[in-house]
Amino acid sequence: MKILRAVLPLVLLAAACGTGAPQEAATGTVTGTSLTWAIETQPVTLNPHQWAQNKARLLVFNQFDALIARDKTGNFVPWLAKSWQVSPDHLTYTFELRDDVTFHDGTKFDAAAVKANLDQFGKADYNAVVKAIQLRNLERTEVLSPTSVRLTLKNPDALLLDFLASPYGGQVSPKSLQNAKDLKAGGPDLVGTGPFVLEAFVPGQEIRYRRNDAYAWPPATAAHQGPAHLSTLTYRILPTASVRVGALTSGQVQVVEGVPATEIPLIKADPELTFASELNTGTSFTYYFNVSRAPFDDKRVRQAFREAVDVDKVLASVYQGSASRAWSLVGSRSPFYDASLEKSYGGDTAKANALLDEAGWTARDAEGFRTKDGRRLTVRTVAAAPFVRDRRDVLAQAIQAQVKQSAGIDFQVKIVDAGTATKAVEDNEYELFENSRGDSDVGAALNLILPAKGAINRTRRDDPELDAWLVEASTTSDPARRKELYLKVQQRVVTEEAIVLPVYQPADQIAAHRSVGGLGFDPSSGTPGSAYDVRIGT
Amino acid sequence: MWAAATASWLALLVAPGDVTSILLGDGADTPEIRAAIAREWGLDQPQIVQYLSYLARLLQGDLGRSYTLQQGVGDLLAGQLGPTVELMLAATATGIVLALLLAVATAGRGRWLRGAVSGVQLAWVSVPPFLVGILLLFVFSFTLGWFPVSGARDTSALVLPALTLGLPIAGSLGQVLREGLERAQEQPFAVTARARGLTESALVVRHTLRHASLPAVTLAGMLTGSLLGGAIITESLYGRPGLGQLTLTAVTSQDLPVMMAIVILAAALYVLISTVLDLLYRIIDPRLRSA
């Protein structure tokens with residue numbers, strides 16, 4: 001009876017203001033729920049235009065909305081833009097905007113706001129990378145009417161829509177772009193139109209949001225309409241994996257992201273917890289061979305290295321079977337993935353040794369490593385410690401042991417500070433470069449890694465034909481033609497030239513208490529999605 | 001402090017890799033982007049100009065802006081200083097109280113008890129704080145649920161981090177205190193005091209503790225100064241805000257303005273601690289007062 005008496009006024013109250021919260025009444029979700037979510041990585045910035053961490057992507061679309069979103073099949077769907085038209089020459093894009101959207105600071109979202117956001121990237125000292133890479137083809141942005149905006153390009157750009165659907169495309173209130181105290185760091189005074197309002201960011205501890213009760217403009221990919229289910233939302237920063245899992249199992253947080261392989265069986269066995277995992281988009285975690293210097297200037301040595309590694313065995317021992325093997329540098333979720341590469345190479349020790357003999361690495365030194373003209377067959381990878389994640393150091397050590405035993409290759413793994421790593425690259429003092437990228441359109445990543453003038457071309461390879469394919473693939477918007485070109489690219493770098501050893505496909509994991517529903521992954525990236533659809537109870 | 005600032009500036013000058021490359025991270029890198037970033041941060045100026053303009057701004061109380069976090073360094077430090085000072089004070093207090101209790105309880109007692117406590121203290125000193133922290137979390141937070149894992153919201157969240165940082169202090173300090181006590185108990189004045197009929201506990205409280213605490217105070221001061229290092233691990237483990245995490249990210253990304261500010265702050269901390277120590281010596285040892 002006591003409970004009933006306590007609840008009754010609440011029910012009456014809810015009925016009285018039922019018009020204010022029709023969504024909750026309809027779905028039966030309890031209002032006033034809050035959720036705590038432990039995350040691994042502290043955001044460097046909360047300004048979406050400055051976003052640079054895939055691990056912080058799950059925060060962006062709580063606070064901000066983009067013009068368009070990407071669904072799981074890779075198609076673009078409406079969000080703040082109701083529709084858009086592309087001119088036949090692919091040089092002008094016209095967006096029709098929703099007219100019912102307001103920023104958290106009360107200002108209206110309109111075509112002028114879209115222009116202000118894009119113009120902001122054109123400013124000096126704001127985001128030099130986006131200006132030079134993603135928006136290099138943008139000529140101008142024009143306001144046609146309050147709900148209509150036109151983008152004019154210098155050259156066709158197949159990646160423009162992908163950019164607009166990315167965190168960079170998060171729409172920031174023009175007023176706060178003017179007034180924010182620390183514009184590039186973001187914070188509660190840099191506001192968007194998203195389902196949650198940022199309340200506080202306590203570095204090293206947490207990021208707190210409260211619901212935007214006026215929210216009525218989710219993307220077409222969302223599972224519900226109206227305001228978010230949760231009234232408050234806290235992301236707690238816990239960099240240590242076992243601490244995150246402990247906080248979950250002891251009920252101190254309801255959701256965690258970033259579950260290490262060693263903890264997965266424990267979580268799966270717990271009936272109170274749920275677990276989900278998703279492959280990321282972009283490129284696989286790949287070893288790129290530096291072809292500008294010995295020994296990887298010889299294709300046979302590159303092939304031999306790939307044959308000397310039993311990738312399946314290494315992954316099984318390092319990740320206990322939770323990692324999925326990569327066969328191409330293009331991730332298998334991409335529409336451009338070349339499945340014919342699967343099982344086409346690798347793991348043949350006899351072949352590795354035959355190739356190395358043929359390449360002249362026939363002698364052995366006292367430690368059992370192969371030598372040629374008195375020089376040891378040494379290959380070095382130099383990785384910056386801040387970028388080493390997913391136990392990639394342990395993975396490299398496992399490969400190190402394998403190639404030594406199977407083919408007499410001296411693989412040296414150097415995990416160093418950022419300065420030393422960049423210096424090694426500048427001085428060309430490395431043979432292997434390890435990298436994965438989370439771009440939602442893999443073309444954006446390939447444009448950085450593969451062309452001779454690519455911003456992160458660490459293979460140091462110059463192949464004009466390959467460059468031409470890549471240029472065409474990122475200017476044509478015909479998906480079939482793009483696929484055709486990217487298949488050729490993969491055949492060239494994986495099979496014909498063997499300049500890469502794809503290792504595994506990065507993935508994200510979410511574990512949660514079973515009472516939490518609506519958790520999912522962002523279809524455009526494979527990283528955990530925003531908390532918009534998340535609810536407690538069913 | 002000027003010497004500390006200059007020395008660390010020089011150290012960073014010879015550190016490998018230039019700041020522009022590090023700011024670019026493992027992302028896109030073209031000459032235009034490089035030039036834009038270098039211009040933005042004044043990195044295209046000669047080193048001596050950068051150094052002098054830094055000193056000039058420092059004299060006006062301007063610590064500059066963080067390269068990676070894009071905020072004023074003064075604001076960043078102000079936001080993170082409080083929780084770290086709180087943690088360091090709590091850890092020092094925990095360490096001193098534990099050390100005192102154990103030293104007084106075991107000084108001059110049976111070999112068995114002494115050996116056991118000494119062994120435990122040795123473990124506190126030698127086990128890495130990361131492991132201690134994880135163990136404490138598993139027992140008191142995840143299993144017993146007495147204390148929350150993270151944050152600096154209330155006192156209960158301070159208990160485990162303070163213990164993690166305070167145990168090594170208690171370990172080494174306790175050993176020194178006990179040895180000091182035992183040495184003092186064999187001094188002629190102790191024999192005299194006992195002969196006057198003073199009980200053993202009164203002897204400790206009134207006389208020998210005072211003697212034993214001189215070297216211990218010196219050690220406590222040094223340990224408190226070195227807490228900043230331990231704070232890095234503790235803060236990240238418990239998800240606490242503070243200077244430790246700020247230092248770690250600044251060092252790995254060669255965020256020069258933040259690192260310089262932390263070095264200056266650490267130098268100031270040492271000056272403060274040695275001043276406090278001098279005052280404490282005078283209180284403890286009356287001979288110094290007349291000098």
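B:G95 - would you say it is away from chain A (no Cβ under 12 Å), surrounded by 15 or more Cβ atoms within 10 Å (Cβ to Cβ), farther than 30 Å from A:L183 by Cα and modelled with pLDDT of 80 or more?
The answer is yes for B:G95.
Where residues in segment A:289-312 are part of a loop (DSSP other than H, G, I, E, B) and in contact with a helix residue (DSSP H, G or I) (Cβ under 6 Å, 6 or more places away or on another chain), which of them is nearest to A:L501 (Cα to Cα)?
Only one residue fits best here, namely A:V309.
Is it the case, given these coordinates, that B:T247 is assigned to a helix (DSSP H, G or I), in contact with a Pro (Cβ under 6 Å, 6 or more places away or on another chain), surrounded by 15 or more Cβ atoms within 10 Å (Cβ to Cβ) and β-branched (V, I, T)?
no
Which residue pairs have Cβ atoms under 8 Å apart, sit 6 or more places apart or on different chains, and have a first residue in segment B:233-244 that is more than 9 Å from A:G204 (Cα to Cα) and facing chain A (nearest Cβ under 8 Å) and a second that is part of a helix (DSSP H, G or I) and of a type in the set (F, W, Y)?
That search, which allows pairs on different chains as well, returns B:L237/B:F130.
For (1) touching a residue at least 60 places away in the same chain (Cβ under 8 Å); (2) among the small types (G, A, S), each residue gets a yes or a no:
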site: B:L100; (1), (2): yes, no
site: B:A105; (1), (2): no, yes
site: B:R109; (1), (2): no, no
site: B:L131; (1), (2): no, no
site: B:I134; (1), (2): yes, no
site: B:F142; (1), (2): no, no
site: B:G145; (1), (2): no, yes
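Give me the residue from segment A:313-330 that is modelled with pLDDT of 95 or more and part of a loop (DSSP other than H, G, I, E, B) and, out of that set, surrounded by the fewest Cβ atoms within 10 Å (Cβ to Cβ).
Only one residue fits best here, namely A:W327.
Considering only residues of segment B:58-86 that are part of a loop (DSSP other than H, G, I, E, B) and more than 12 Å from every other protein chain (Cβ to nearest Cβ), which is nearest to B:I262 (Cα to Cα)?
Restricting to residues being part of a loop (DSSP other than H, G, I, E, B) and more than 12 Å from every other protein chain (Cβ to nearest Cβ), the top hit is B:L63.
Please state which one of A:T73, A:T141 is more than 26 Å from the chain's Cα centre (by Cα) and outside the structural domain of A:G520 (by TED's automatic domain parsing).
Only one candidate passes the filter, namely A:T141.
Go through segment A:454-508 and give me each residue that's of a type in the set (S, T, N, Q) and either within 30 Å of A:G529 (Cα to Cα) or in contact with a His (Cβ under 6 Å, 6 or more places away or on another chain) (or both).
A:S474, A:T475, A:T476, A:S477, A:Q490, A:Q505, listed by residue number.
Given the structure, is A:L432 within 22 Å of A:L153 (Cβ to Cβ), at pLDDT 95 or above and not hydroxyl-bearing (S, T, Y)?
no
For segment A:335-421, please list each of the strands (runs of 3 or more DSSP E) lying entirely inside it that holds at least 2 residues being in contact (Cβ under 8 Å) with a residue 60 or more places away in the chain, in contact with a strand residue (DSSP E or B) (Cβ under 9 Å, 6 or more places away or on another chain) and buried (at least 21 other Cβ atoms within 10 Å of the Cβ).
So the answer is A:378-384.
Name the single residue that is surrounded by the most Cβ atoms within 10 Å (Cβ to Cβ) among those in segment A:422-441 being more than 12 Å from every other protein chain (Cβ to nearest Cβ) and under 22 Å from the mean Cα position of the chain (by Cα).
Per the criteria, the residue is A:S440.
Could you list all residues from segment A:456-481 that are over 21 Å from A:E496 (Cα atoms) and touching a residue at least 60 places away in the same chain (Cβ under 8 Å)?
Result: A:S474, A:T475, A:T476, A:S477, A:P479.
Tell me which of these B:A193 doesn't satisfy, since it passes every other one: (1) among the small types (G, A, S); (2) at pLDDT below 80; (3) under 30 Å from B:A105 (Cβ atoms).
So B:A193 meets the others, but not (2).
Can you list residue pairs whose Cβ atoms sit under 6 Å apart, with the first residue in segment A:257-281 being within 17 Å of A:A38 (Cβ to Cβ) and in contact (Cβ under 8 Å) with a residue 40 or more places away in the chain and the second being among the β-branched types (V, I, T) and surrounded by fewer than 19 Cβ atoms within 10 Å (Cβ to Cβ)? Count only pairs 6 or more apart in sequence or on different chains.
Cβ pairs passing all conditions: none.
Determine, yes or no, whether B:V85 is within 24 Å of B:A220 (Cα to Cα) and either at pLDDT below 85 or surrounded by 15 or more Cβ atoms within 10 Å (Cβ to Cβ) (or both).
no
Note down all Cβ pairs under 6 Å where the first residue falls in segment A:189-203 and is in contact (Cβ under 8 Å) with a residue 24 or more places away in the chain, the second is among the β-branched types (V, I, T) and assigned to a loop (DSSP other than H, G, I, E, B), and they're at least six residues apart or on different chains.
What qualifies is A:G192/A:V172; A:T193/A:V101.
Can you pull out every residue in segment A:170-185 that is surrounded by 20 or more Cβ atoms within 10 Å (Cβ to Cβ) and either touching a strand residue (DSSP E or B) at 6+ places or on another chain (Cβ under 8 Å) or of a type in the set (A, V, I, L, M, F, W, C) (or both)?
Within segment A:170-185, A:V172, A:L177, A:D182, A:L183, A:A185 qualify.
Confirm whether B:A157 is more than 30 Å from A:G251 (Cβ to Cβ) and in the same structural domain as B:I232 (by TED's automatic domain parsing).
no
Looking at segment A:215-239, which of the residues that are in contact with a helix residue (DSSP H, G or I) (Cβ under 7 Å, 6 or more places away or on another chain), surrounded by 21 or more Cβ atoms within 10 Å (Cβ to Cβ) and in a loop (DSSP other than H, G, I, E, B) is nearest to the other protein chains (Cβ to nearest Cβ)?
Among residues in segment A:215-239 that are in contact with a helix residue (DSSP H, G or I) (Cβ under 7 Å, 6 or more places away or on another chain), surrounded by 21 or more Cβ atoms within 10 Å (Cβ to Cβ) and in a loop (DSSP other than H, G, I, E, B), the one nearest to the other protein chains (Cβ to nearest Cβ) is A:L238.
May I ask you to list the residues in segment A:510-538 that are over 19 Å from A:S166 (Cβ atoms) and acidic (D, E)?
Selection gives A:D533 alone.
Given the conditions (1) surrounded by fewer than 24 Cβ atoms within 10 Å (Cβ to Cβ); (2) within 16 Å of the chain's Cα centre (by Cα); (3) basic (K, R), report the number of the one that B:R282 does not fulfil.
It is condition (2) that B:R282 fails.
All but one of (1) crowded, with 20+ Cβ neighbours inside 10 Å; (2) within 22 Å of the chain's Cα centre (by Cα) hold for A:A455; which doesn't?
It fails just one condition, (1).
Among the numbered criteria (1) part of a loop (DSSP other than H, G, I, E, B); (2) aliphatic (A, V, I, L, M); (3) in contact with a Gly (Cβ under 7 Å, 6 or more places away or on another chain), which one does A:A452 miss?
Just one mismatch for A:A452, condition (3).
Okay, residues lined up against (1) closer than 13 Å to A:A531 by Cα; (2) within 13 Å of chain B (Cβ to nearest Cβ); (3) within 21 Å of the chain's Cα centre (by Cα):
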| residue | (1), (2), (3) |
| --- | --- |
| A:L161 | no, no, yes |
| A:S166 | no, no, yes |
| A:A180 | no, yes, no |
| A:E199 | no, no, no |
| A:D213 | no, no, no |
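The values are calculated or read from the model by the stated rules, or taken from the named source; none is laboratory data. No experiment lies behind these values; they were computed from the predicted model shown. A quick note on method: Cβ atoms are made from the backbone with ideal geometry, for glycine too, and the neighbour counts reach across all protein chains shown.
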